[in-house]
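Heads up, the thing below is written out as C-alpha cells.
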Amino acid sequence: MQDMEKCKLLFAGASAGIVTGLFGAGGGMVLVPMLRASGQLPDDVLFPSSLSVIVPICLVSLMTQGLGSGQNWLFPLPFFLGGCLGGILAGKYGDRIPSLWLHKGLGLLILWGGIRFLW
C-alpha cells in the first residue's frame, strides 16, 4: 500500500474517531463513504469493516469521556441488549440485503437524523 493510501485511511479513521467522540455515534457515516472511496474493499464488506473500526473507537471514547462522569450505567443496559440483538440479526441476515439498499438506507438515516437535530 502506498504512503498516500495509508494517509487517506488514517484520515478516515481519525475523522470517524472525531465524529464518534464528539457526537457519541456516527463515525460509520464518515467511515463507510471513505472506505468506499478508497476502492480497496468490495461493497459487501464495507459495513463490517467499518464496525471493526467503530467498536474500538467507541470503547476509547467511553474510557476518555464516560468513566468517572457519574453516569447511571444501568440506564443504557436495555439499549445495549437490544443493540446486541440487532447486531446479531444484521450479521446473520444482512448479507441478504443488496448493498445498494444498505447505502440508500444509511443515507436516509443520516438525512433523517440531521433534519431531526436541526429543530
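The values are calculated or read from the model by the stated rules, or taken from the named source; none is laboratory data. Since this is a predicted model, take the numbers as computed values, not measurements. Neighbour counts run over all protein chains shown; Cβ positions are idealised from the backbone, glycine included.
To keep it simple, each residue is scored yes or no on (1) on the phi < 0 side of the Ramachandran plot; (2) free of Cβ contacts under 8 Å to residues at least 40 places away in the same chain; (3) hydroxyl-bearing (S, T, Y); (4) surrounded by 10 or more Cβ atoms within 10 Å (Cβ to Cβ).
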{"residue": "L62", "(1), (2), (3), (4)": "yes, yes, no, yes"}
{"residue": "Q71", "(1), (2), (3), (4)": "yes, yes, no, yes"}
{"residue": "G82", "(1), (2), (3), (4)": "yes, yes, no, yes"}
{"residue": "A90", "(1), (2), (3), (4)": "yes, yes, no, yes"}
{"residue": "D95", "(1), (2), (3), (4)": "yes, no, no, yes"}
{"residue": "S99", "(1), (2), (3), (4)": "yes, no, yes, yes"}
{"residue": "L106", "(1), (2), (3), (4)": "yes, no, no, yes"}
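I'd like to know if the stretch 88-97 contains one or more residues that are modelled with pLDDT of 80 or more, closer than 23 Å to S15 by Cβ and either among the hydrophobic types (A, V, I, L, M, F, W, C) or out of contact with any Asp or Glu (no Cβ under 7 Å at 6 or more places or on another chain) (or both). Can you show your working first?
In the first step, residues of the stretch 88-97 are kept if they are modelled with pLDDT of 80 or more; the result is 88-97.
Those still in the list that are closer than 23 Å to S15 by Cβ too: none.
No, because not a single residue in the stretch 88-97 is modelled with pLDDT of 80 or more, closer than 23 Å to S15 by Cβ and either among the hydrophobic types (A, V, I, L, M, F, W, C) or out of contact with any Asp or Glu (no Cβ under 7 Å at 6 or more places or on another chain) (or both).
Looking across the stretch 10-25, the residues that are under 20 Å from H103 (Cβ atoms) and either among the charged types (D, E, K, R) or without any contact (Cβ under 8 Å) to a residue 40 or more places away in the chain (or both) come down to A12, S15, V19, A25.
Across the stretch 28-37, what is the total count of residues that are farther than 25 Å from R96 by Cβ and surrounded by 14 or more Cβ atoms within 10 Å (Cβ to Cβ)?
Restricting attention to the stretch 28-37, the residues satisfying the condition of being farther than 25 Å from R96 by Cβ are 30, 34, 37.
With the extra rule that they be surrounded by 14 or more Cβ atoms within 10 Å (Cβ to Cβ), the set shrinks to 30, 34.
Residues flagged as farther than 25 Å from R96 by Cβ and surrounded by 14 or more Cβ atoms within 10 Å (Cβ to Cβ) within the stretch 28-37 amount to 2.
Select from the stretch 88-119 the residues that are among the hydroxyl-bearing types (S, T, Y) and in contact with a Leu (Cβ under 8 Å, 6 or more places away or on another chain) and list them in ascending order. S99, the sole residue that qualifies.
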